[in-house]
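Before any comments, here is the structure.
The values are calculated or read from the model by the stated rules, or taken from the named source; none is laboratory data. Keep in mind that what you see is a predicted model, and the values were worked out from it rather than measured. Note that we place each Cβ from the backbone using ideal geometry, even for glycine, and neighbour counts take in every protein chain shown.
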Amino acid sequence: MKRVNAIESNREEARERQLSVVRERAKHEAEKMAEELERRSGATLDEIGRTLEAKKRESSALQADRESRIWECEHTLEKIRTRKEDEESASERLRQAMQQPGQGLGLRQSATETKEQQLEMVQLDGARGREAVMRERHSIEAVRRTVRKERCRQRRQWIHQIKEMNAKFPEQVRPLAEERKKKYEQATAKEDAAERALAADVKMIEEYLPKLISLEDIPVNPEETDIIRHQFDEVFTQ
């Protein structure tokens with residue numbers, strides 16, 4: 001059994017290392033791409049960075065709130081379990097006391113009735129405790145669903161903002177083209193190359209930056225993680 005646990009622990013550590021490598025590589029390549037885009041496009045990428053940083057803080061706040069709620073639920077469940085154990089202990093003492101000989105039939109009968117009533121109360125409290133546990137479980141699941149929905153909403157919003165900012169890049173180039181058209185001038189090779197590079201950068205941001213935003217959803221499955229890692233390698237190699 002210890003060997004099986006050790007193997008499972010080693011596998012889990014290997015998966016964590018693979019996931020860490022993928023995240024580190026993606027982070028490094030994203031920083032390189034951001035620096036290159038900032039060099040070419042100026043302050044627009046700064047706006048993207050500030051927006052993403054603000055959303056990251058919002059996500060951290062939501063995560064902290066979720067963890068606080070989960071801790072409260074777990075604390076409540078622990079109190080319920082402790083109370084249940086106390087009630088079971090009291091019930092056992094009552095059963096043992098009922099088995100001891102009494103000094104009088106009347107006293108014994110009265111004590112028996114009292115103890116039966118107490119046992120019924122213990123059973124009723126146990127049922128209420130189980131109901132409370134189920135309610136807490138439903139509450140925890142509701143919190144988890146809410147957090148997942150909020151994270152999905154945030155990602156959709158981030159991607160939408162990225163596309164809006166990317167749409168502004170061509171508008172910065174369009175006045176130059178219109179000015180050349182008025183003067184019946186042709187774009188120089190350098191200007192043409194710069195415009196094509198800008199268009200390629202915008203396309204790359206639209207295609208791959210949303211994937212970087214969703215890195216925290218990378219599956220733990222090593223095969224799927226390796227596939228995603230190779231995809232990023234191919235993209236950044238190009």
Which listed residue is of a type in the set (A, V, I, L, M, F, W, C), out of contact with any Ser or Thr (no Cβ under 7 Å at 6 or more places or on another chain) and surrounded by 12 or more Cβ atoms within 10 Å (Cβ to Cβ), from Ala142, Ala132
Ala132
Regarding region 65-88, can at least one residue be identified that is within 30 Å of Met165 (Cβ to Cβ), outside the structural domain of Arg145 (by the TED database), at pLDDT 80 or above and in a helix (DSSP H, G or I)?
yes
Would region 120-137 turn up any residue that is in contact (Cβ under 8 Å) with a residue 24 or more places away in the chain and within 16 Å of the chain's Cα centre (by Cα)?
no
Pair list, Cβ < 7 Å and 6+ apart or interchain, from region 70-97 residues that are under 15 Å from Met134 (Cα atoms) to residues that are of a type in the set (Ser, Thr, Tyr):
Cys73/Ser139
